[in-house]
Amino acid sequence: MSDYRIQGATGEWEVVIGLEVHAQVTSNAKLFSGASTAFGAEPNTQVSLVDAAMPGMLPVPNRECIRQAVRTGMAIEAQINKYSRFDRKNYFYADLPQGYQISQLYHPIVGEGQLTIEADEKAGIPEDKVIGIERIHVEQDAGKLMHDQHPTMSYVDLNRCGVALMEIVSRPDMRSPAEAGAYVRKLRTILRYVGSCDGNMEEGSMRADVNVSVRRPGPISDENPFGTRTETKNVNSVRFVMQVIEHEANRQVDLIEDGGTVVQETRLFDPNSGTTRSMRSKEDAHDYRYFPDPDLLPLELEDSFLDECRASLPELPDAKRARYIDELGLSDYNASVLTAEVETFARFETLLAETAKRLGKDEKTVATQVANWSLSVAPGVMKSLGDEADPSHATAEAQAEILRMQDAGEISGGQAKEIYEIVLRTGRDPAEIADTEGLKQQSDTGAIEAVIDEVLAANADKVEEYRGGKDKLFGFFVGQTMKAMQGKANPAVVNQVLKAKLG
Amino acid sequence: MTELTNLGVREIRDGVAQGDFTAREVAEAFNAAVEAASELNAFIVATPDKALEAADKVDADRAAGRELGAMAGVPIGMKDLFCTDGVQTTAASHILEGFVPRYESTVSQNLWDAGAGMLGKLNLDQFAMGSSNETSHFGNVVSPWRKSGGGNAGMSPGGSSGGSSAAVAARIAPAATGTDTGGSIRQPAAFTGICGIKPTYGRCSRWGVVAFASSLDQAGPMARSVGDCAIMLGAMAGFDAKDSTSLQMDVPDWAAGLSADLKGRKVGIPREYRMDGTDEAILESWEQGKNWLRDAGAEIVDISLPHTKYALPAYYIIAPAEASSNLARYDGVRYGLRDLPEGAGLQDMYAATREEGFGDEVKRRVLIGTYVLSAGFYDAYYNQAQKVRALVARDFERAWADCDVILAPTTPTASFPLGDKTDDPLAMYLNDVFAVPASLAGVPAMSVPAMLNGEGLPLGLQIVGKPFDEQGVLNAGLAIEQRAGFEAKPETWW
């Protein structure tokens with residue numbers, strides 16, 4: 001249970017949050033037309049006759065969009081409705097050529113599902129929490145109005161018009177901004193794993209309508225029901241979603257405590273001030289006159305199609321994370337970070353396979369080493385180089401070779417970093433760098449013994465002290481030896497020889 | 001040249017193929033007839049060059065020995081609800097006046113591909129909403145028929161395909177396309193003594209046809225014989241991936257399958273179609289129809305379609321509901337009329353554009369449709385009407401256990417004088433009382449001329465068939481046609 005509370009003048013308040021996330025379906029073509037969906041094209045260059053709602057034009061469902069919605073539903077363990085239907089949502093606006101949006105009100109393609117947000121003590125999420133998802137339906141996006149192009153006129157860009165969206169509707173199961181943030185992040189991760197949405201919030205590929213209400217803490221009952229909610233539209237980052245909730249919850253508490261009542265209404269978020277303002281109240285709400293789209297037959301999905309969708313699903317985040325912990329022996333933290341982004345785990349798994357191959361060991365044995373390299377060493381080097389690094393040189397082969405040399409004792413941890421720096425700058429071969437740049441450590445016992453003999457001879461007094469019981473001096477001898485060898489001696493061999501000599 | 005304009009589709013096609021005359025001669029003859037018949041107001045625009053162009057191509061193909069299409073050399077009228085590339089397409093409305101599509105409807109393209117040519121775009125009721133062709137922004141069409149003893153009073157050619165029916169009856173086109181949402185092919189065919197068939201919903205693609213009510217709209221041919229309808233329907237029909245409701249079925253060769261031998265066939269007579277207010281002459285023609293079909297070998301059986309009386313009210317909820325949404329795209333933003341009063345905002349522009357651009361009947365239906373879909377009324381009207389629609393369809397399904405086709409009047413009365421019903425929308429709507437059930441059920445139905453009434457006006461008989469059984473409908477129509485011997489044609493007064 002979240003213990004997030006708004007401290008009001010009259011006591012504590014609990015926040016209740018539900019999210020409707022609009023996710024643009026990854027597809028080359030629009031939901032009902034063949035027009036392209038690429039982002040950033042010249043205005044009105046990706047508009048078919050259907051998108052422009054020319055007379056007599058008809059929508060034809062794009063199978064790929066349907067497939068992506070079904071796969072997404074499967075990824076949130078939802079019921080897939082083999083029978084669904086498209087409805088028209090009627091309203092007039094200049095960015096909506098048909099005068100209606102084709103959506104799914106009565107029979108959505110995906111029913112009840114859920115996802116789990118992970119425990120995060122620091123964020124006030126003490127344990128894993130399951131968030132219910134009521135439904136996913138597919139619908140058309142609208143076009144875009146531009147008000148800043150002409151002094152007296154507004155321009156319309158229909159490129160986005162008709163692009164397929166999934167509307168993913170959560171249950172009002174979240175109780176804090178952190179939970180809502182975690183939900184959006186987790187949903188985004190799942191969508192990106194599945195490949196049904198690129199999750200790019202800046203480009204508007206994912207945006208959320210945030211429903212917020214407040215109530216007194218305690219079980220839901222007739223005496224203590226849900227409060228009246230407001231809906232803040234089109235919020236396009238996780239941070240903003242959390243800001244909206246915080247602002248709305250406090251605003252509602254202030255309002256109620258001042259004797260007012262919360263009005264069910266649609267609100268807009270102003271990112272500059274971090275506040276929300278009223279857009280329209282329920283009284284002026286549109287009557288959308290939903291009815292089944294008579295241009296489209298009901299969508300009936302065959303078992304073979306569902307089987308194909310299911311077979312095409314990748315390993316999903318929760319399963320992958322569990323496997324990293326249980327089978328690879330990674331820490332919870334490392335497993336979480338490595339599985340959060342598609343690119344991260346993809347790089348990790350490639351490097352893991354390559355490293356295991358080069359070391360001739362199984363993946364589990366090298367997993368922790370590769371995870372540490374991937375999460376801390378490699379990003380550290382990359383960051384320190386800044387613009388000097390060419391990320392295309394960060395191949396799995398080069399990194400695996402460095403890890404192999406390190407594992408074999410040929411190079412030290414410090415040398416590994418130095419070699420990787422050169423790799424990132426130049427793309428040169430790591431083994432060649434180690435050779436030509438003298439970045440190898442000395443493991444030859446004979447050479448080390450000679451240096452140690454010199455060190456011990458030069459510090460006879462300290463040897464005396466050590467033998468007299470001053471164990472701490474061991475480190476001193478190691479240090480002197482390493483210094484004499486410019487840090488290139490294999491520490492394990494140094495230790496071993498020193499121990500033998502000091503007996 | 002007048003001889004050529006008396007010819008039908010098959011006669012023209014075969015005559016051209018045999019070299020009796022050229023396609024160009026045919027096109028010229030009809031172009032002249034169209035020009036001479038401007039008083040009928042059947043065409044919104046004539047396209048004589050298009051007709052000649054198509055004819056020349058057919059003549060050249062023939063000269064080169066190339067295979068000729070099913071409609072080769074036949075110039076036809078195109079209802080102005082079909083979008084035609086480069087030719088103004090208005091749906092007889094002001095809001096689309098001057099609109100020139102850059103695309104061709106699937107059905108019209110199919111016809112051109114089959115060798116047909118276009119005489120022009122035919123007048124109709126605005127957005128196909130009307131039963132008398134009096135709601136057109138471009139003025140009403142006048143039927144070529146006149147009531148005996150009625151003087152010069154103009155008669156209605158029916159609607160919404162009134163330009164089509166008038167043109168074919170007046171022999172200024174051998175055939176024309178129509179569309180039928182709730183009788184818009186059959187009723188005007190009946191009023192003007194010609195044939196017209198509305199095929200099974202989905203047979204003809206709706207792509208590129210200005211939508212009225214999507215779940216009901218269906219294109220079909222109008223011509224002066226059953227055989228001509230069969231040929232032309234074959235050219236129009238076919239699966240179209242651009243229309244999700246298009247039937248994914250092969251198109252049979254209906255013309256080749258025509259047979260007036262109805263032995264072993266059962267013809268159902270629905271008792272609910274015997275309604276108050278139906279003309280005696282209509283009932284008489286119905287009796288005649290039974291005799292003709294019996295004579296053709298069919299067995300006549302009484303059947304019941306119990307929900308018939310609810311069909312018309314349900315239709316006048318469903319069709320306007322869909323229309324109110326389908327017509328939302330005419331908003332002045334992208335094409336067609338835009339009325340932007342000084343200082344007006346977006347909402348003002350919508351209001352002004354639609355106020356000026358739509359006629360009264362269109363506005364009436366948009367308002368009805370908006371009302372029945374509104375929150376609080378949706379269940380009582382739209383949902384209820386959908387249930388009725390399902391029951392009407394079930395009536396037909398049950399009837400097929402007892403019969404193969406159904407015979408009924410097409411309309412409750414013959415044509416009426418223009419202006420007679422314009423102030424009484426309900427009386428006007430009643431024109432389609434016999435036509436609407438087949439539309440709601442999506443089954444094929446056609447009207448064939450039976451006889452003239454006492455006032456010298458044509459009466460039609462309607463044949464309704466099973467889904468996909470256009471052949472059964474056409475065959476029964478042929479049996480009637482052969483026995484009715486309907487040879488009457490309107491005196492040329494224009």
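The values are calculated or read from the model by the stated rules, or taken from the named source; none is laboratory data. Model, not experiment: these values are computed from the prediction. With ideal geometry, Cβ positions are generated from the backbone for all residues, glycine too; neighbour counts draw on all protein chains shown. Just so you know, the surface numbers come from the protein's heavy atoms only, side chains and all, with ligands and any DNA or RNA stripped out. Shrake-Rupley method; radii C 1.70, N 1.55, O 1.52, S 1.80 Å.
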At 1.4 Å probe radius, can you tell me the per residue accessible area of segment A:1-94 in Å²?
39
Percent carbon-and-sulfur accessible area, segment B:134-246, ignoring ligands, DNA and RNA, probe 1.4 Å:
50
Which residues' amide hydrogens lie under 5 Å from the amide hydrogen of residue B:450, considering only partners 5 or more residues apart or on another chain, with H built in the peptide plane?
B:459, B:460, B:461
About the Cα centre of chain A, what is the dipole size in debye to 20, counting +1 per Lys and Arg Cβ and -1 per Asp and Glu Cβ, all else neutral?
240
Please go through segment B:448-488 and write out the GluC sites (Glu not before Pro) that DSSP classes as loop and that have at most 10 other C-beta atoms within 10 Å.
B:487
Everything considered on the Cα gyration tensor (a ≥ b ≥ c; rounded for a/c under 1.5, else prolate if a/b is larger than b/c, else oblate), segment B:387-484 must be described as oblate
Under 22 Å from the Cα of residue B:263 - lysines, other chains or at least 8 residues apart
B:290, B:466
Length-normalised contact order of chain B in % [C-alpha pairs under 8 Å, at least 6 apart]
18
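Tell me, what is the FRET efficiency for residue B:355 and residue A:425 to the nearest 0.05, using R0 = 56 angstrom and their Cβ-Cβ distance as r? Can you show the working numbers first?
Working: r = 71 Å, r/R0 = 1.27.
Step by step, r from the Cβ atoms, then E = 0.20.
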Inter-label distance, nm, simple model (7 Å from Cα along the C-beta direction), residue B:253/residue B:290:
3.8
Show that you can apply the helix-only estimate: for chain B, add -39,500 (n - 2.57) for every DSSP H stretch of four or more residues, divide by all residues, and state [θ] at 222 nm to the nearest 500.
-11000 deg cm²/dmol
Per-residue Cβ counts within 10 Å, from other chains only, averaged over A:56-63: what number is that?
6
How large a share of the accessible area of segment A:273-359, in percent, is made up of carbon and sulfur atoms when the probe is 1.4 Å and the other protein chains stay in place?
51
Counting protein heavy atoms only and a 1.4 angstrom probe, how many square angstrom of accessible surface do chains A and B bury in total, to the nearest 100?
2800
Which distance in Å, rounded to a whole number, links the C-alpha centroids of segment B:159-210 and segment A:64-116?
38
Using unit Cβ charges (K, R positive; D, E negative) and no other charged atoms, how large, in debye to the nearest 20, is the dipole of segment B:372-494 about its Cα centre?
300
Counting only DSSP beta bridges with both partners in chain B, the antiparallel fraction in percent, to the nearest 5, comes to 70
Residue among A:57, A:458, A:264 farthest towards the positive dipole end of the protein assembly as shown, charges placed on Cβ:
A:264
With only Lys, Arg, Asp and Glu charged, each at its Cβ (+1 for the first two, -1 for the last two), find how big the charge dipole of segment A:224-369 is about the Cα centre; round to the nearest 20 debye.
640
Packing-based order for B:248-260, B:217-229, using average beta carbon neighbours within 10 Å, highest first
B:217-229, B:248-260
If I ignore ligands, DNA and RNA and count only protein heavy atoms, how much of residue A:247 is accessible to a 1.4 Å probe, in Å² to the nearest 10?
50
Top positive-direction residue, dipole computed over the protein assembly as shown with Cβ charges, set B:275, B:333, A:33:
B:275
Looks like chain B, by Cα gyration tensor root eigenvalues a ≥ b ≥ c and the a/c under 1.5 rounded cutoff (else prolate when a/b is bigger than b/c, oblate otherwise), is rounded
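May I ask you to list the GluC sites (Glu not before Pro) in segment A:380-438 that are in a DSSP loop and have at most 13 other Cβ atoms within 10 Å of their Cβ?
A:437
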With every protein chain kept in place and ligands, DNA and RNA left out, what is the accessible area per residue of chain B? Probe 1.4 Å, answer in Å².
34
Over the whole of B:455-466, what's the average partner chain Cβ count within 10 Å per residue? Rounded to a whole number, please.
0
Could you work out the mean count of beta carbons from other protein chains within 10 Å of each residue's beta carbon in A:150-160?
1
Solvent-accessible area of residue B:324, probe 1.4 Å, all protein chains present, reported in Å² to the nearest ten, please.
10
Would you mind telling me the antiparallel percentage of the DSSP bridges in the protein assembly as shown, rounded to 5?
85
Where the centre of each part is set by its Cα atoms, how far does segment A:386-425 sit from segment B:248-323, in angstrom?
85
Would you give the gap between the C-alpha center of segment B:108-135 and the C-alpha center of segment B:430-485, rounded to a whole Å?
20
Give B:242/B:363; A:30/B:387; B:198/B:309; B:147/B:266; A:144/A:233 a once-over and call out the pairs whose C-alpha atoms are over 25 Å from each other.
B:242/B:363; A:30/B:387; B:147/B:266
With a Förster distance of 30 angstrom and the Cβ-Cβ distance between residue A:315 and residue A:388, calculated FRET efficiency to the nearest 0.05 equals 0.25
Gain upon complete extension [residue A:7, residue A:500; 0.36 nm per residue less C-alpha separation]
170.8 nm
Taking every DSSP beta bridge with both residues inside segment A:162-310, roughly what % is antiparallel (nearest 5)?
70
Testing the spin-label approximation: label points 7 Å from Cα along Cα→Cβ at residue A:443 and residue B:344. State their distance in nm.
8.5
Sequence of B:348, B:125, B:360 when ordered by accessible area, the most exposed leading, probe 1.4 angstrom
B:360, B:348, B:125
Restricting attention to segment A:139-247, which chymotrypsin sites (Phe, Trp or Tyr not before Pro) occupy a DSSP loop and are surrounded by at most 15 other Cβ atoms within 10 Å?
A:226
Could you work out the local net charge near residue B:328, counting Lys and Arg as +1, Asp and Glu as -1, over the other residues with Cβ closer than 12 Å to its Cβ?
+3
Report, to the nearest whole %, how much of the accessible area of segment A:75-216 belongs to carbon and sulfur atoms, 1.4 Å probe, protein only.
47
Which of A:357/A:440; A:361/A:470; A:320/A:383 have a Cα-Cα distance over 31 Å?
A:361/A:470
